[in-house]
1. Sequence-distant or interchain residues sharing an amide H contact under 5 Å with Gly176, placed H: which?
2. Give, rounded to the nearest 20 debye, the magnitude of the charge dipole that the chain has about its Cα centre when Lys and Arg contribute +1 at Cβ and Asp and Glu contribute -1 at Cβ.
3. Would you calculate the volume per residue, in Å³, of the smallest convex hull containing every Cα atom of the stretch 1-127?
4. Long-range amide H contacts for Cys77: which residues qualify at under 5 Å (H placed 1.01 Å from N, peptide plane, sequence gap of 5 or more or a different chain)?
5. How far apart, in nm, are the 7 Å Cα→Cβ label points at His46 and Asn149?
6. So what are the ³J(HN,Hα) numbers for the stretch 26-42, from phi and the Karplus equation (6.51, -1.76, 1.60; θ = phi - 60°), rounded to whole Hz, Gly and Pro as x?
7. With unit charges on the beta carbons (Lys and Arg positive, Asp and Glu negative) and the dipole taken about the Cα centre of the chain, which residue among Pro199, Ile250, His46 sits farthest to the positive side?
8. Can you work out the Karplus-derived ³J(HN,Hα) for every residue in the stretch 94-107? Use 6.51 cos²θ - 1.76 cosθ + 1.60 with θ = phi - 60°, whole Hz, and x for glycine or proline.
Amino acid sequence: MTKPYLEKPLQELTFAIVGLGLIGGSYAKALRNLKVRRILGMDISHGIAHACLTANMIDGIVEEDGRALKEADVVICSVYPEAIVDFVRKNLGNFAEGMLLTDATGVKGTMPYEIQEMLPEGCEFLSGHPMAGRQGSGLGMSDAGIFKNSNYIIVPTEKNTEGAVSWLDHFARELGCARSVKVSMEDHDKIIAYTSDLPHITAVALVNSASYNENTRFFIAGGFRDATRVADINPDLWSDLFLSNRENVIAEIENYQKQLERWKKAMVEKDREALKDIMREAGPRRRTLY
């Protein structure tokens, strides 16, 4: 069975994007810059889909019946984790032979296996996660530039082919990502709980602190601004992500609490050396990240 996405150059492929919010809209804009053959868009809101069509971000709309998906060589799902399985189940008869399906969700769980079990023979689902985003949410915040110099996580299973993994790695670089890394579903969710979920929780907690008042804004410099940058997030999406990765997120909150207890203990005991040790430990770690 032929797989068009492996046999044709990127510019001759048709893509379908499911979910035209911040990430989905950014994919559409990036694909337009890459001059692919055709971009189709599907969204639960017809208004958003038509806005994308009017703005020339997409070339056609995939209606609720999903029939237009048959045109797509590659389908990118940019919807809530629990919505992806439902989307696939409803559209099993609408996927073209040899189609590649991928996603952009921040938590994997068992979802890749569930989808791989459902897909028709010849179609392939390879899970992915662009580590790209920005403050705010929705189509209006989308930007092709969010992929530039970012990381792209590829989450294969033993059912994925080498061709699909290589293609997604190449595609990530075409989007502007600096590098891609391959990890298991379990490792992905554990690491994301630390590097993404916990920072968002921390930012929201800082802004929601009892210390917040009408004068707070006059005392903000780089530290508070950077630490709270991601506090303005989409509650529907992030509550879904947090709960879908619940056990890992709880473990990271507990790890963080232990670090705060170290600070509190050193402050209560007026232990200057302990404070210095905590900060000395962090410095080299932070420098190795960038």
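The values are calculated or read from the model by the stated rules, or taken from the named source; none is laboratory data. Since this is a predicted model, take the numbers as computed values, not measurements. Quick reminder, even Gly has a Cβ in these numbers, built from the backbone with ideal geometry, and neighbours come from all protein chains shown. These area figures cover heavy atoms from the full protein model, side chains too; ligands, DNA and RNA do not enter into them. Shrake-Rupley method; radii C 1.70, N 1.55, O 1.52, S 1.80 Å.
1. Those qualifying (amide H under 5 Å, at least 5 residues apart or on another chain) number zero.
2. Details: 34 positive and 40 negative charges, 279 e Å.
It comes to approximately 1340 debye.
3. Details: hull volume 11.5 nm³, N = 127.
Given the Cα convex hull of the stretch 1-127, per-residue volume reads 90 Å³.
4. For Cys77, the qualifying residues are Val18, Thr102, Asp103, Ala104.
5. 4.3
6. For the stretch 26-42, the Karplus-derived couplings read 5, 4, 4, 5, 5, 5, 5, 5, 7, 6, 5, 4, 7, 10, 10, x, 9 Hz, x marking Gly and Pro.
7. Result: Pro199.
8. Listing the rounded values in order: 10, 8, 6, 4, x, 5, 10, 10, 9, 9, 9, 6, x, 8 Hz.
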